[in-house]
Amino acid sequence: MNPFFGFIKKEIYHILRDKRSLIILLGMPVVQILLFGFAITNEINNVDIAILDHSKDVATREITNKISSSKYFSINRLITNEANIKTVFKKGKVKAVIVFEKDFSRNLIRDRKATVQIITDATDPNTANTISNYISSILQNYQKEQNKATPPTYQIVSKTRMVYNPELKSAYMFVPGVMTVILMLISAMMTSISITREKELGTMEVLLVSPLKPIQVITGKVVPYIFLSVFNAIVIVVLGIFVFKMPVQGSLFWLGLESVLFIITSLALGILISTLSATQQTAMMLSLMGLMLPTILLSGFIFPISSMPVILQVISNIIPAKWFIIIVKGILLKGVNMAFIWKETLVLMAMALFFIGLSVKKYKTRLE
Amino acid sequence: MFGDFTAVNAITFNVSKGEIFGFLGANGAGKTTAMKMLIGILKPTSGDATVAGFDVAKQRESIKKNIGYMSQKFALYNDLTITENITFFGGIYGLSRAEIKNKTKVLLDDLQLQNVANTLVGELPLGWKQKLAFSVATLHEPKIVFLDEPTGGVDPITRRQFWEMIYKSANQGTTVFVTTHYMDEAEYCDRISIMVNGKIEALDAPKKLKEQFGSDTINEVFLKLARG
């Protein structure tokens, strides 16, 4: 009987019999992708707003109609004086108030200029910003329509085209992100925990006294997690495609290979963590603090790297997830081939080799 | 002569084939450390040792094939069944499928565990586990088996049965190297060494040691040595 296959078989028993971990391992990707997909979104929909209309004329009524007929806003109430603005904000439901000045229509016709004030609840700055942009653009549309008859003397027309994600769907951002986080989590955390568990139980000692070579022990522990991670990657991509209508512009074959590369990098990190920690708890804490947080915060998954302070931008370069996210987005959204992502691929390869080398070295010194 | 080594404290002694050699000492006397050096998971700072005829420093791989080891912690997998544990450990020592099948049957018969062959090891009582662990450690018929405090926390009846298994192994030619701090167990050994503060203070057959120190039990011998 091949000792190595026997080892992998044993490892599979461990994974299959630990029902709780198994449910987490297989359920987590599904739950996370659905959560991110439906709950966390940068888009706005049916935001409650209030209108304070001092003129109540043709123009203001038309604008109000335009706003309320858009899918982004619903008019929660019409208020009658300035004092009420504070009250509606305090109640919390209304996120923006639109104030039309007195004699809006008349000003517009006589002075060719009228003012609308947009007041937004900036306790959530991102949403406030988005709301004010949306309202401004509705106002501009109205203005354009009015100007049709009498075109202005000159004008600059900006035509914006959002490429790769014309509808600005946030799914396009988080599917690669969640995939990265899950692969990192399963590969690094689970292997580091499963290796330290053997240390804690004392079975590692017995394995080291056996004729198995340390490299066989480590490979045997890691191989089942490669398969598990690949399976999860497939689940995430399939959910992305069918539930969130992710486009697949590039080759799934390359995506698969790149994923395996990232999984190997993460596994190497997991092994490294296991050589540094004596207990499962330490391994878990190290994985969470040392890997999960940087992966989520510094990889460009949620927060754009270009807007970070320079020091964090530099640090982000040593986060494997950053490079993997670039690769995944490139393949899925832009349909690029190797010619465009070979640099990122090389970085990941170098990282994988470095971490494998380091953990093998660490592992050996521990034995002697 | 078989398995001749110099310990960390520069005392030489030999263990012969089929002998049961007891390694006694208080907690922290250095028993486990010395044993770990012999089985190759700790490197001695200086000195030479051979185990089963192989050099500890240079021929670790050959030693590993020829020894069995039962660690202080219970070292079978609790989430695997008895049969799965036997198959796994047989497998990593390179036994063939047929050999494993045969040995599993013999082992289960010997320990009368046929009815629980497919029970998870974690559900067995401690005494059964220890006996099973010993059988698994000797499954590949090693020349020497190292037992690190194998009977810790086990009831007297099971301990007695455990020692019967050790005798049986020794009779079949396996050398047994056992650490313990139960002094009554020391009486069962062919020869014992008593370690105090990292040094071997006494080494002989239990009977001779008792004569030499004028004591009735090994317990008394040990106390005399330990108190200096």
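Only the coordinates and a few stated rules stand behind these numbers; no lab work does. In this text, all values refer to a predicted model and were calculated from it rather than measured experimentally. Neighbour counts run over all protein chains shown; Cβ positions are idealised from the backbone, glycine included.
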Cα-based reach from A:Lys144 at 18 Å (exclusive), listing lysines while leaving out same-chain residues under 8 positions away: A:Lys66, A:Lys113, A:Lys159
Acute angle (nearest 10 degrees) that the helix A:191-201 long axis makes with the longest principal axis of chain A, alpha-carbon atoms: 40
With Cα atoms, 0 to 90° folded angle of helix A:320-329 axis to chain A main axis: 60
For chain A, built as a Gaussian network whose Cα springs stay under 10 Å, the top-fluctuating residue of A:Met351, A:Met289, A:Met189: A:Met289
Chain A: most fluctuating residue of A:Ile15, A:Ile186, A:Ile195 per GNM, C-alpha cutoff 10 Å: A:Ile15
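Given the peptides A:214-221, A:125-132, A:169-176, arrange them by the average over their residues of other C-beta atoms within 10 Å, most packed first.
Numbers: A:214-221: 18.4, A:125-132: 15.0, A:169-176: 21.5.
Top to bottom by mean Cβ count within 10 Å: A:169-176, A:214-221, A:125-132.
Please give me the summed charge of the neighbours of B:Arg159: other residues whose Cβ is under 13 Å from its Cβ, Lys and Arg +1, Asp and Glu -1. Intermediate values should be presented prior to the final figure.
Working: positive: B:Lys131, B:Arg160; negative: B:Glu149, B:Asp155, B:Glu164, B:Asp184, B:Glu185, B:Glu187.
Result for the local shell: -4.
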Alpha carbon centroid spacing (whole Å) that separates region B:156-211 from region A:215-234: 44
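Of all trypsin sites (Lys or Arg not before Pro) in region B:25-121, which ones are in loop regions per DSSP and have a Cβ with at most 13 other Cβ atoms within 10 Å? Don't skip to the end; give the middle numbers.
Details: sites: B:Lys31, B:Lys36, B:Lys58, B:Arg60, B:Lys64, B:Lys65, B:Lys73, B:Arg97, B:Lys101, B:Lys103, B:Lys105; in loops: B:Lys58, B:Lys73.
Here the trypsin sites (Lys or Arg not before Pro) that fit, given the DSSP loop and packing criteria, are B:Lys58.
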Nearest-ten-degree value, helix A:171-184 long axis tilted from longest Cα axis of chain A: 20
Residues of type lysines that A:Lys343 reaches as a straight line, Cα spacing below 26 Å, ignoring anything fewer than 8 places off in the same chain: A:Lys322, A:Lys329, A:Lys334
